[in-house]
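The values are calculated or read from the model by the stated rules, or taken from the named source; none is laboratory data. Everything numeric here is computed off the predicted structure, so don't read it as measured data. Reconstructed Cβ throughout: ideal geometry from the backbone, glycine too, with neighbour counts over all protein chains shown.
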């Protein structure tokens with residue numbers, strides 16, 4: 001049995017789709033899976049033990065991406081084709097069954113929308129995987145020691161980036177003697193290209209407590225490292241969704257993106273924004289999607305600090321909402 005799973009080019013959307021892939025793997029334990037996705041999230045799927053092949057869709061031209069994918073998959077017979085991008089490809093390859101996600105304007109989280117491709121009445125929480133070598137690298141990057149506060153101060157669009165100086169001040173509050181993680185180590189996560197934008201965060205953390213994770217670490221190793229952290233605070237980004245999927249308490253910071261659709265998903269997650277709603281920001285007559293200016297200046301440090309403390313207390317007491325019940329599924 002061979003199943004083709006077509007998902008997003010973006011890390012965050014790809015992570016949110018992993019619950020469906022995990023569901024398929026558990027309900028079809030003898031199936032061989034091929035995953036078609038963008039080049040950035042490809043390593044996350046390559047780490048899954050049941051994935052036989054990952055087909056990166058990396059051509060710069062949209063038509064060429066889909067043509068090249070068709071050339072790879074069309075010669076094979078598929079037991080099932082799952083297309084979460086709503087393309088025509090699922091109808092152009094031989095398959096016994098198709099699940100094609102339709103676009104929707106309903107006000108619901110992306111995870112809930114994804115579940116509709118399978119006709120499921122409950123959403124499926126994201127799942128990530130790591131190989132032994134990724135776990136070993138994570139142990140080297142974050143060795144045993146004091147708890148770790150993880151920060152994700154970057155994002156793929158400048159207006160979604162809360163100022164680095166505020167991240168630095170927030171980290172100082174949260175790791176102070178009276179904070180939720182006194183004297184905790186602080187891990188800063190991102191890519192090498194993002195280092196200049198977040199240098200203020202790195203420089204503000206004492207060297208003995210600083211963990212620099214901005215040097216081209218493979219995504220499955222980042223996932224394994226996140227599992228070793230006590231708490232995560234970050235902008236709306238792929239790393240934020242990875243943190244939530246890794247099981248670490250995750251606080252997402254929002255401005256010109258919607259937490260209703262893309263908030264971190266899970267019982268130990270929360271989102272916070274300033275007084276301006278997504279609509280206030282992005283539907284304003286003055287809104288310019290080409291802008292490179294931060295659109296999150298109304299989100300104050302004290303607001304984020306209070307949200308972090310509230311989430312921390314909730315996680316410590318075991319309170320929260322269970323988003324996905326999977327007792328009826330085979331174990332992972």
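Checking residue 154 against (1) over 22 Å from residue 11 (Cβ atoms); (2) in contact with a strand residue (DSSP E or B) (Cβ under 7 Å, 6 or more places away or on another chain); (3) part of a loop (DSSP other than H, G, I, E, B), which single condition isn't satisfied? Unmet condition: (1).
Just the residues that are touching a strand residue (DSSP E or B) at 6+ places or on another chain (Cβ under 8 Å) and part of a loop (DSSP other than H, G, I, E, B), please, taken from region 60-94.
76, 77, 79, 84, 85, 86, 87, 93, 94
Scanning region 179-229 for residues that are out of contact with any helix residue (DSSP H, G or I) (no Cβ under 9 Å at 6 or more places or on another chain) and either within 27 Å of residue 255 (Cα to Cα) or at pLDDT below 95 (or both) yields a total of 5.
Hey, among 172, 243, which residue is surrounded by fewer than 22 Cβ atoms within 10 Å (Cβ to Cβ) and either more than 19 Å from residue 146 (Cβ to Cβ) or assigned by TED's automatic domain parsing to the domain that holds residue 310 (or both)?
That would be 172, the only listed residue that is surrounded by fewer than 22 Cβ atoms within 10 Å (Cβ to Cβ) and either more than 19 Å from residue 146 (Cβ to Cβ) or assigned by TED's automatic domain parsing to the domain that holds residue 310 (or both).
Give me the residue from region 21-59 that is part of a helix (DSSP H, G or I) and in contact with a helix residue (DSSP H, G or I) (Cβ under 6 Å, 6 or more places away or on another chain) and, out of that set, farthest from residue 121 (Cα to Cα). Result: 43.
Kindly check whether there is at least one residue in region 209-218 that is farther than 25 Å from residue 149 by Cβ and either touching a residue at least 60 places away in the same chain (Cβ under 8 Å) or in contact with a strand residue (DSSP E or B) (Cβ under 7 Å, 6 or more places away or on another chain) (or both). Scanning region 209-218, I find no residue that is farther than 25 Å from residue 149 by Cβ and either touching a residue at least 60 places away in the same chain (Cβ under 8 Å) or in contact with a strand residue (DSSP E or B) (Cβ under 7 Å, 6 or more places away or on another chain) (or both), so the answer is no. As a summary of the residue check, residue 123 satisfies the conditions (1) buried (at least 20 other Cβ atoms within 10 Å of the Cβ); (2) closer than 30 Å to residue 201 by Cβ; (3) not assigned by TED's automatic domain parsing to the domain that holds residue 15 except for the one numbered (2).
Residues that are at positive phi, surrounded by fewer than 22 Cβ atoms within 10 Å (Cβ to Cβ) and not in a strand (DSSP E or B) occur in region 175-184; there is at least one.
Among the residues of region 133-145, the one identified as surrounded by fewer than 13 Cβ atoms within 10 Å (Cβ to Cβ) and either in the same structural domain as residue 21 (by TED's automatic domain parsing) or touching a strand residue (DSSP E or B) at 6+ places or on another chain (Cβ under 7 Å) (or both) is 145.
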